[in-house]
Amino acid sequence: MATIRGGAGRRTLKHKLTIDTAVTNTMVTDVTGGSGAIYALEVVTGGGAVFLRFYDSQTPVAGTTVPTMTFMAPASSTFSAVMPEGIPFTNSISYCATKHDSNPSENTAPDATCTIYLTTT
């Protein structure tokens, strides 16, 4: 996994940008280090459609924990979503990608990894 986090430095910024260039069905946990909100998301997919699942938990279990929300990004495309008011997560923001979204126990890896750009607080 190649994850880059930004937002710290010389200036104080309210939002953080997380870039993950290898999203699969392996859970990425506690992106925000506690509570936060998602303000924008961009997903770049390769060979197949990807269902990006978000969890309000520091330690969710892929295939067991029910996602808070799921976005579908079509194959070989870029999907973007902006949430101006933010979607709040009380505990933490965690995520993973799956090939299908038939039910919460689905945890099949997507056909190819995808890249996400996630703007959070």
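Some points to look at:
- Carbon and sulfur %, accessible surface of the stretch 15-82 computed with the full protein complex present, 1.4 Å: 57 percent
- With at most 12 other Cβ atoms within 10 Å, longest stretch of the chain clear of loop trypsin sites (Lys or Arg not before Pro) (DSSP): 15-121
- Accessible area in square angstrom per residue, the chain, 1.4 angstrom probe: 50 Å²
- Dipole magnitude for the chain: about 460 debye, using +1 per Lys or Arg Cβ and -1 per Asp or Glu Cβ, origin at the Cα centre.
- Taking N as the residue count of the stretch 77-121, its C-alpha radius of gyration divided by 2.2 N^0.38 Å amounts to 1.38.
- Alpha-carbon Debye profile of the chain, log10 I(q)/I(0) at 0.13 Å⁻¹: -0.46
The values are calculated or read from the model by the stated rules, or taken from the named source; none is laboratory data. Fair warning: this is a prediction, and the values are worked out from it, not measured in the lab. With ideal geometry, Cβ positions are generated from the backbone for all residues, glycine too; neighbour counts draw on all protein chains shown. Just so you know, the surface numbers come from the protein's heavy atoms only, side chains and all, with ligands and any DNA or RNA stripped out. Shrake-Rupley method; radii C 1.70, N 1.55, O 1.52, S 1.80 Å.
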